[in-house]
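Trainee: Quick one: the structure is below, and I'll ask about it shortly.
Every read-out reported here was derived from the displayed coordinates using simple, explicitly stated rules and does not represent laboratory data. Here the structure is a predicted model, which means the values were calculated and not measured. Cβ placement follows ideal geometry from the backbone for every residue including glycine, while neighbour counts extend to all protein chains displayed.
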Amino acid sequence: MLETINRLILPQVSSTFAADVDGLFTFINVASAIILLGITVAIIYFSVKYKRKSEDDVTPVIRYNTTLELTWTIIPLILILIVFAWGFRGHIDMRTPPSNAYEVYVTANSFFWQFTYPNGVQTTDELYVPAGRPVKLIMQSRDVIHSFFVPDFRVKQDVLPGRYTTAWFQTLGTGEHVIFCTEYCGSGHSDMDGMVYAIEPEEFDAWLREQKELSEQELPLAVLGQNLYQQQGCAGCHSLDGNVVIGPSFQGLYMDERQGADGSSRVADEDYLRESINNPGEFITSGFNNIMPGYSYLSEDQVSAIIEFIKEQQ
Ligand SMILES: [Cu+2]
C-alpha cells in the first residue's frame, strides 16, 4: 500500500538512487504518522481518564519518572540515528560519482541550460545521456545562482557563478525526464526548464557523432546565426514573429529606430546590434528591463552570424 501511495505522490523512479531516497522519505513519513497517532490517542485517553470528577479531586504532584524519561529520549534518539545513518549513506553515494562516469559540462544562464559534451558538441535545454551509464555533470553559472533539478532522478544541486559544483546520476533505462531550475533566478525563472533524454548507448554515440559532423559543416552565416539564436537562449526572450516575450521581437528590428529608456534614440544598424549583444546594459530599449545577460564571450564571427540572422527577420 505504501508503494501505491508513493507512486501517487512522488515522481517516477528513474535513477539508481531514487528508490533509496523514497525509502527514507517513506520511513520518515510512517514514523511521524505513528508518533502523531500515538500522541493523539494518548491525549484523548488521558483527558477522559483524568477528567476532574468531583470538587476535591486533586492532581498528585509527580516530579520525575525515570522509565518515562528514558523511553521518550531513547526512542526518538534511535529514530534520529536511523534517519542520520540512512541519509548519510545516501548522501555519500550521491556525492561520489564513479570514476568511469561520462562527463558533461553544464552552464546555467538566465534563463536556459547549456550542455557541452566531451567532443565539443553543445546543446541547449536538452541533455542527451547514455541510458544505464553513470553521468557526471560539472556545472557552473554564467550569471546568478541557479539550481539543477531532475525530479525523476531525485537529483538537485545548486549551480553557482565562478565555481564548479557537480552532480551525477545513472538512469534505470531509456526515457525522457524534465529538468527544472529550483533557485529563483529572475523574471524568466519559471521558463528555465529542459529535458533529459536517456537513450541507448549506441544510439547516443551515433547522435554525438552526427551532432559533431553537423557543427563542423560550413554553414551560411545566417544559418549559423539561427543555430546560435537557439543555442544561446536568445529564443527564450526574443521572438521572430513580432510578439514580445521577455525582450523585443527580432521581427523588423534591423534598421528600425529604437527608443531608449533614457529618452535617446538609435537606429538598429549592425553596430547597434553588436553592442546590444555584447553589452546590453549600454542602451535599454524603452518599455523593457535591463535583464538581458551580456554575451561578450561570443566570438566576433558568432556575433556577425547572429546579426546576419537578425537582418533576415523583416
Ligand atoms: Cu535559474
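Trainee: Can you give the FRET efficiency to the nearest 0.05 for residue 195 and residue 82, using r as the Cβ-Cβ distance and R₀ = 41 Å?
Mentor: Numbers: r = 36 Å, r/R0 = 0.89.
In this case the efficiency is close to 0.65.
Trainee: Taking the stretch 134-236, which trypsin sites (Lys or Arg not before Pro) meet the DSSP loop condition and have no more than 11 other C-beta atoms within 10 Å? Before the final figure, lay out each step's value.
Mentor: Details: sites: 136, 142, 154, 156, 163, 209, 212; in loops: 142, 154, 163.
Listed in order of number, the matching sites are 163.
Trainee: Among the trypsin sites (Lys or Arg not before Pro) in the stretch 1-88, which ones are in a DSSP loop with at most 13 other Cβ atoms within 10 Å of the Cβ? Mind listing them? Let's see the in-between values first.
Mentor: Numbers: sites: 7, 49, 51, 52, 53, 63; in loops: 51, 52, 53, 63.
Here the sparse-neighbourhood loop sites are 51, 52, 53, 63.
Trainee: To continue, here is another question. Given a Förster radius of 25 Å and the C-beta distance between residue 31 and residue 96 as r, what FRET efficiency does 1/(1 + (r/R0)^6) yield to the nearest 0.05?
Mentor: Efficiency computed from Cβ-Cβ geometry: 0.35.
Trainee: Which whole number in µm²/s is D for the stretch 102-215 by Stokes-Einstein, with the Kirkwood Rh taken over Cα pairs at 25 °C and 0.890 mPa s?
Mentor: Rounded to a whole number, D works out at 175 µm²/s.
Trainee: While we're on this one: If you take the Cα Rg of the chain and divide it by 2.2 N^0.38 Å, with N the number of residues, what do you get?
Mentor: Details: Rg = 28.3 Å, N = 314, 2.2 N^0.38 = 19.6 Å.
Its radius of gyration relative to the 2.2 N^0.38 Å reference: 1.44.
Trainee: Any lysines with Cα under 22 Å of the residue 212 Cα? List them, leaving off those in the same chain fewer than 8 positions away.
Mentor: Hits, sequence-local ones excluded: 136.
Trainee: What is the Å³ per residue value for the convex hull set by the Cα atoms of the stretch 218-312?
Mentor: Details: hull volume 8.4 nm³, N = 95.
Expressed per residue, the convex hull around the Cα atoms of the stretch 218-312 is 88 Å³.
Trainee: Quick one: if the Förster radius is 22 Å, what FRET efficiency do residue 187 and residue 282 give, using the C-beta to C-beta distance and rounding to 0.05? Could the numbers behind the result be given before it?
Mentor: Details: r = 20 Å, r/R0 = 0.92.
After rounding, the FRET efficiency stands at 0.65.
Trainee: Here's another thing I want to ask about it. So what is the 222 nm mean residue ellipticity for the chain from helices alone, if each DSSP H run of at least 4 adds -39500 (n - 2.57) and you divide by all residues, rounding to the nearest 500 deg cm²/dmol?
Mentor: Theoretical 222 nm ellipticity from helices: -12500 deg cm²/dmol.
Trainee: Still on this structure, I have one more. Taking every DSSP beta bridge that has both residues in the chain, what percent is antiparallel when rounded to the nearest 5? Working shown, then result.
Mentor: Working: 32 of 45 bridges.
Counting DSSP beta bridges with both partners in the chain, the antiparallel share is about 70 percent.
Trainee: At most 16 other Cβ atoms within 10 Å and a DSSP loop assignment: could you name the chymotrypsin sites (Phe, Trp or Tyr not before Pro) in the stretch 122-205 that fit? Working shown, then result.
Mentor: Details: sites: 128, 148, 149, 153, 164, 168, 169, 180, 184, 197, 204; in loops: 164, 184.
Within the stretch 122-205, the qualifying chymotrypsin sites (Phe, Trp or Tyr not before Pro) (loop, at most 16 other Cβ atoms within 10 Å) are 164, 184.
Trainee: Take the Cα pairs of the stretch 1-102, get the Kirkwood Rh, then feed it into Stokes-Einstein at 10 °C and 1.306 mPa s and tell me D in µm²/s.
Mentor: On the way: Rh = 17.9 Å.
Answer from the Stokes-Einstein relation: 89 µm²/s.
Trainee: Another question about this same structure. What length, rounded to one decimal in nm, is gained on full extension from residue 271 through to residue 49, with 0.36 nm per residue of separation minus their alpha-carbon distance?
Mentor: Working: separation 222, 0.36 × 222 = 79.92 nm, distance 8.57 nm.
Extra length available between residue 271 and residue 49 comes to 71.3 nm.
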